[in-house]
Each structure stands twice: as structure tokens, then as C-alpha cells.
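The values are calculated or read from the model by the stated rules, or taken from the named source; none is laboratory data. Not measured: the values here are computed from a predicted model. Using ideal geometry, Cβ is built from the backbone for each residue, glycine included, and neighbour counts are taken over all protein chains shown.
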Amino acid sequence: MFGVFVTFDLGAAFDAERLSQLAQAAVPKFTGMPGLVSKTFTLDDAARRAVNFYVWETEQAARGFFTEATLAWVTGVYGARPTLQFVAIAARVENRA
């Protein structure tokens, strides 16, 4: 499996309520997406940023999703271009069935 941290440094534009609404509205877009194992939306009030974490079946699926068109789209949605950090997942624990 392969992970991607997608970080939006928002500074003064950080609005937790708006970001939570964006996250809830995006859930259907990612539900059942081929190659995507999970996506977690997070908010960091202290750092004034949103960090989304994706788990993909393969590195190819992870890198294939983050096209320039996708990055342009999310930049428009969030109001800031994200930084991407691609990571290999060594192990994963999931306690919910």
C-alpha cells in the first residue's frame, strides 16, 4: 500500500467549519473509488492547515490520481495549492470491520 499526505497551509484563510463542510461534501466522490483504500480529512487548528491522508492500493494509483488537473481543482476548492508527500506504508492496523 502507498500513502499520500496532502497539506493545505491556509494561514488566515483557515476556517474549520467551512473545511468540515467541504470534507463532508467530498465523501461521495471518494466512496468506492477504484484503487483508493481510504481517505481521512484532518484539521489542524494550531497550524491553520488541513491535511488529508490517502491510502492507495499501489504507488501507481496514488501518483495517477494527483494529476495537474486534480491539483488545480483542489487549489480552487481550498484556496491554496497543496504540498504532496508520498510514502510507502510499512504496516496498517484497522480495528473496525
Among Val87, Val93, Val55, Val77, the single one that is under 19 Å from Met33 (Cα atoms) and out of contact with any Asp or Glu (no Cβ under 6 Å at 6 or more places or on another chain) is Val55
Going by the structure shown, is Phe53 touching a Ser or Thr at 6+ places or on another chain (Cβ under 7 Å), more than 13 Å from Asp9 (Cβ to Cβ) and either assigned to a strand (DSSP E or B) or not aromatic (Phe, Trp, Tyr) (or both)? yes
Give me the residue from region 65-97 that is in a strand (DSSP E or B) and among the hydrophobic types (A, V, I, L, M, F, W, C) and, out of that set, surrounded by the fewest Cβ atoms within 10 Å (Cβ to Cβ). Ala88
Taking Phe41 and the conditions (1) part of a helix (DSSP H, G or I); (2) within 11 Å of the chain's Cα centre (by Cα), which numbered condition does it fall short on, given that it satisfies the others? (1)
Scan region 20-76 for residues that are in contact with a helix residue (DSSP H, G or I) (Cβ under 8 Å, 6 or more places away or on another chain) and of a type in the set (A, V, I, L, M) and jot them down. Leu22, Leu36, Leu43, Ala50
Look at Ala62 and say whether it is crowded, with 16+ Cβ neighbours inside 10 Å, outside any loop (DSSP other than H, G, I, E, B) and modelled with pLDDT of 95 or more. yes
